[in-house]
Amino acid sequence: MSALGLYQVSPGDPEIDLLAPLFHAYRISLPNGKQVSVSSTGPLGAGPLFIQSTDLNGSKGQVRSIPYATLMNGMDLKLALTSEWRPSDRPSS
């Protein structure tokens, strides 16, 4: 699941960490009839990528992890990716 940008750090932990996915978009149909839809903007490819901002079910912010229940209830996640570790730390010009 890490290629999809979802990583469960330890088995049994109800939190799933968000990572930069290897794909610009994908959709998963869950057995309960709900869907997980993830799309990303920004660079893909060589080099490390980081999540600059998130939009989870219409709520914009900096989500670092999601509860397993959110995933299983279906979700629409939009990610803005960057190659900079902390773009907010850039010196202003």
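The values are calculated or read from the model by the stated rules, or taken from the named source; none is laboratory data. Everything numeric here is computed off the predicted structure, so don't read it as measured data. Counting neighbours? That spans all protein chains shown, and the Cβs are built from the backbone with ideal geometry, glycine included. We work out accessible area using only protein heavy atoms, side chains counted, and drop any ligands, DNA or RNA first. Shrake-Rupley method; radii C 1.70, N 1.55, O 1.52, S 1.80 Å.
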Considering only the range 26-47, state which residues are part of a loop (DSSP other than H, G, I, E, B) and free of Cβ contacts under 8 Å to residues at least 40 places away in the same chain.
-> PRO31, GLY33, LEU44, GLY45, ALA46, GLY47
When (1) free of Cβ contacts under 8 Å to residues at least 12 places away in the same chain; (2) not in a strand (DSSP E or B) are applied to ALA3, the one that fails is (1)
Failed item in (1) open to solvent by 70 Å² or more (accessible area, probe 1.4 Å); (2) hydrophobic (A, V, I, L, M, F, W, C); (3) assigned to a strand (DSSP E or B), with PHE23 passing the rest | (3)
In this structure, is SER83 modelled with pLDDT under 90 and over 11 Å from the mean Cα position of the chain (by Cα)?
-> yes
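Looking for something under 19 Å from SER2 (Cβ atoms), at pLDDT 95 or above and over 11 Å from the mean Cα position of the chain (by Cα) - is there at least one such residue anywhere in the range 19-27? So that I can check it myself, show each step before the final result.
Quick first cut of the range 19-27, residues under 19 Å from SER2 (Cβ atoms) only: 19-27.
Within this subset, residues satisfying the condition of being at pLDDT 95 or above are 25-27.
Filter once more, so that each one left must be over 11 Å from the mean Cα position of the chain (by Cα): 26-27.
Yes, there is a match, as at least one residue in the range 19-27 is under 19 Å from SER2 (Cβ atoms), at pLDDT 95 or above and over 11 Å from the mean Cα position of the chain (by Cα).
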Just need a number here: residues in the range 51-79 that are surrounded by 15 or more Cβ atoms within 10 Å (Cβ to Cβ) and assigned to a strand (DSSP E or B).
-> 12
What tally of residues in the range 30-50 results from selecting those that are at pLDDT 95 or above and open to solvent by 60 Å² or more (accessible area, probe 1.4 Å)?
-> 5
